[in-house]
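Every number here is computed from the coordinates shown, using simple stated rules; none is lab data. Since the structure is predicted, the reported quantities are computational estimates derived from the model, not experimental observations. Cβ coordinates were reconstructed from backbone atoms using ideal geometry, including for glycine residues, and neighbour counts include every protein chain displayed.
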Amino acid sequence: ETTLTTQTALPTRHALSQSYIRHFVEPLNEAGKGVVQINLLGGPEVTPADRAPQAMQRGVIDILHIPAAYVAGLVPQAQAMMLQNVGIEKLRAEGAVEAYDDIFGDRLNAHLLAWSETGPGSGYYLYTRKMPAMKDGVVDFTGQSLRTTGAYRPIQEALGATTVQIPSGDVPTGLERGVIDGFGWPTVGLKSIGLAEAVDYRIEPAFYNLANVVLISRDRWESLSQEARDLVTRVARDYETASVQEMIDRNREDIAAADEAGIEAVRMEGADAAKYLSIASEAMWSRVEEKVGADEVGRLRGLLYRTE
Amino acid sequence: MEWYWALSLLLSLVIGFMVLGMPVAFAFMATNLIGALVFIGGSTALIQVVDNSTSLITRFQLAPVPFFIFMGSLFFYSGLANRVFDTLDKILGRMPGRLCYLTVAGGTAFSTLTGSSMANTAMLGSLMVPEMRRRGYHWRMALGPILGTGGLAMIIPPSTLGVLLASLAGMDVGRFLIAGIVPGFLLALLYTGLITAQIRLNPEATPQYDIERIGRREMLRLSLINIVPMGLVVLMVIGLIIFGIATPTESAAFGVLGVLILTLAFRMFSVEVIRKSVLATLKVAGMVFFIILNSSIFSQLLAFSGASSGMLAFATSFDVPNWTVLALIFCSLILLGMFMDPVSMMLITIPIFFPLIERLGIDPLWFGLFMLIALEMSQTTPPFGLLLFVMLGVAPEGTTLRQVAVAAAPFLGCDFLLILLMALFPGIVLFLPGLM
Amino acid sequence: MLRAIGRAYHLLLTGCVALAALLLLTGIALVVVDVVTRASGLRPPGYTVAFVEYILLYFTLLSAPWLVRIKGHVLTDMLVVRMPATLRLVCAKAVYLVCIAVSLVFAVQGWLLFQEGLRFGYVDERSVDIPYWALYVLFPLCFSMIAVEFARYLLGFDSLYDRDKPVEAI
Ligand code: NA
Ligand code: NA
């Protein structure tokens, strides 16, 4: 019996980590008795999130669960994973997962075990205190200040917002005092960070899709027995599917909690919604293109993005 | 390795190095490298230790610490502090220990605006300690009130650590922050009572110098010249926060700007003043940050080796009444706090404690505040206490870590008393959020 | 020759402190400019937070060797001062040796990380992208200088435990 160590880059009580624990760690320990076991060391307290990919690469930990965007500094193509809009079955069937396995192998010497907690049915919302204006059917944040991080800056700027960088600890005060009028957040987890009372509007539809990856170092992967590899692969596949449903359920719970806290949806529909999503995605695609070039972006678009 | 062996190894290494007289930061560096070789092994262990070292220090939240130290140093070296405190002396009259009370009042007021205990302590320390020392205050009376009041910043909202705690525990941030108001101000009252008692018991600890009596008119004139301008700087910093122009983190930079403008206006500006203030800032912030650079890896090793989770699981494994569980939790927090920074402590302990206390039927809001106070205390306990290090930096040369810790001890007693009061009257915590 | 090296080194040490001081002032100015830009309705530069975060790191590293020189790093000498003189000397030398060793480890590993970042083109994604090697660019220099400072103590130029100023009450 081999024991693999693992950590998640998000706190262990985070909804995304919980999905990983419930649908991958626990089933693997159940199914792997006598063959392979997995030992969850914890969250970012083990290795800080921004250092965890290298820790996996160096073999300090065996398996890492991490949002794809967190790896983008080392693997620039990973940033595009949140732009997929075809769903995990097609990603598998049409070769996107395989392509990314090569990319992670090339850049981090890692094997991509799972592409998890992704859409359809997940993504990111913008939340604000002030009702945004509409311009040509799409929200316009001119005159509003939104809290930004690297992942939200392209869309926020494309929608005319003033972007403000403040540490997460300052967000409640920032909202209360009006330094910021809103922020972007994944479709799951607003409830768990307790900011539902602090904002009033949720901009729908959700843009992008969540995308987490589970990585194992190739050296470690190849050292496992064929039996262990097959087992881990099978559990990882089930986890991918289960995690998508998990996100849909969590999202529903979070929306209900947000409704209860009095958050109103500002909804764009039909062509307007499509335009909004396109603005968001194109802003991010051009950011990815700056890093990997037009050819690579062309290839990735073909693999994971469909425009109607 | 069993968790208790891992824990003993790491703790005895770091304590051993410190006792042998190794600088704290280097004791952590050496322990981290040895610990990594033991628990991770190979050359990757060393490179990972070094790689992790830059993660915690490059956080914007730490920026106010050097900024506020610089502001305080400018205030002192330019001579502005002298003018302000001279005037305050004349206005406050012969009240013994007046600067101690002033520290508590000012520090509490500032706590309602800033969310960082380190920034608050840095500001109070560099502002008050040199003046108190010049005026002949005993080190106990100069250092203690600042260490106590500095910590209030993370209990009275806004609180950076409070936001992190609530979001890690999945609580409503707003309600949790509100819950800190009553305990925070109550703590300030306890501190005031403590200072009064300390002065009664030991009158020589605060100077009894005579001050000239002045009339109302003269009082007004002096205030206008000396206090009002400084008040304007404070108001500017506060105003920026209140009117939503700057965050508490950013406002520190404007504090510096304000004092700089004042030194220019009063013709107290000189290159020499800037030089002295910058060096003082480098000394304090450089020292504390170098410890932070190396201490966070220690927490990671405790987590990685299973030492911390093993100890926590052990401490929470007994089938005993709730108050005993809380006592065990309190002891483990204080023990961890002797060697860890509060952020790492939260990441490690919250996933273990919160499910447990929910099972026991303890109110999470109450427990969150209980934890926040324990975390505040842990920043003031030796050998690893970030607030102690900040104070040691601003304290005069020759002050020892022991002296700083001794000065802080009675104020830790107040914190403990507050926890007991919270246990007896949970309304202290739960009343205000209950109104929401 | 030796004296020239000594002078050059001293200049380097002073230069590091001066640079740290300059970075501190720059950080303050960056934040002020950022807030003023935002308040006047313009789009603030994206780099403020990332730059200030790096300033915190650089300023820590640049002042660390000087802090060893001026005995500015906190230590507890409770036990040391109560030791017999010979034992104290042995103990002090051991402490210096360990400090030199760990500083050199940091210098070397920092150099490796610097090279790794350079070779693979890793990026540290913050409010703006910063090349990863920038995190470690100062490690080889600063930690070597820290080792040099402890070597001065080891060779007997000074003792970490002789405080020039007597303990004074506040
Ligand atoms: Na506060
Ligand atoms: Na402590």
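Brief remarks on what is shown
- Ranking of B:PHE28, B:PHE416 by neighbouring Cβ atoms within 10 Å, starting from the fewest: B:PHE416, B:PHE28.
- In Hz, Karplus ³J(HN,Hα) per residue of region B:398-406 (6.51, -1.76, 1.60; θ = phi - 60°; x = Gly, Pro): x, 5, 9, 4, 4, 4, 4, 5, 5
- Neighbourhood net charge (12 Å Cβ-Cβ; Lys/Arg +1, Asp/Glu -1) for C:GLU149: +2
- Among C:VAL123, C:VAL36, A:VAL188, sorting on how many other beta-carbon atoms sit within 10 Å of each Cβ, with the fewest leading, yields C:VAL36, C:VAL123, A:VAL188.
- Using the Cβ-Cβ distance between B:ALA197 and A:ARG252 with R0 = 45 Å, the FRET efficiency computed as 1/(1 + (r/R0)^6) comes to roughly 0.20.
- 16 Å Cα-Cα reach of B:LYS90 towards aspartates and glutamates, excluding residues that sit fewer than 8 places from it in its own chain: B:GLU131, B:ASP210, B:GLU212, B:GLU218
- R0 of 30 Å, Cβ-Cβ distance B:PHE243-B:MET219: FRET efficiency to nearest 0.05: 0.45
- Per-peptide packing, taken as the mean over residues of other Cβ atoms within 10 Å, places B:339-350, A:294-305 in the sequence B:339-350, A:294-305 from highest down.
- Counting only alpha carbon atoms, the long axis of helix B:160-169 and the longest principal axis of chain B meet at about 30°.
- Stokes-Einstein D for the protein assembly as shown, Kirkwood Rh over Cα pairs, 10 °C, 1.306 mPa s (µm²/s): 55 µm²/s
- The mean count of C-beta atoms from other chains within 10 Å of the C-beta of residues in B:161-168, rounded to a whole number, is 5.
- Between B:LEU417 and A:ALA93, the distance separating the two model label sites (each 7 Å from Cα on the Cα→Cβ line) works out to 7.2 nm.
- Net charge contributed by nearby residues that have their C-beta within less than 15 Å of B:ASN322 (K/R +1, D/E -1): -2
- Theoretical FRET efficiency, 1/(1+(r/R0)^6), r = Cβ-Cβ of C:ALA29 and C:ILE70, R0 22 Å, to 0.05: 0.25
- Ellipsoid equivalent to chain A - semi-axes via the Cα gyration tensor, in Å: 34, 21, 17
- In terms of the mean number of neighbouring beta-carbon atoms within 10 Å, the peptides A:245-254, B:118-127 order highest first as B:118-127, A:245-254.
- Relative to its Kirkwood radius, the Cα radius of gyration of region C:2-154 gives an Rg/Rh of 1.09.
- Listed by chain and number, the lysines whose C-alpha is less than 20 Å from the C-alpha of C:LYS93, apart from same-chain residues fewer than 8 away, are C:LYS71.
- Sequence of B:PHE39, B:PHE254, B:PHE70, B:PHE266 once ranked by neighbouring C-beta atoms within 10 Å, starting from the fewest: B:PHE266, B:PHE39, B:PHE254, B:PHE70
- Table column - 3J(HN,Hα) (Hz), region C:51-65, Karplus curve with 6.51, -1.76, 1.60, x for Gly and Pro: 5, 4, 4, 5, 4, 4, 5, 4, 5, 5, 5, 5, 8, 4, x
- Convex hull volume per residue in cubic angstrom - Cα atoms of region A:101-212: 134 Å³
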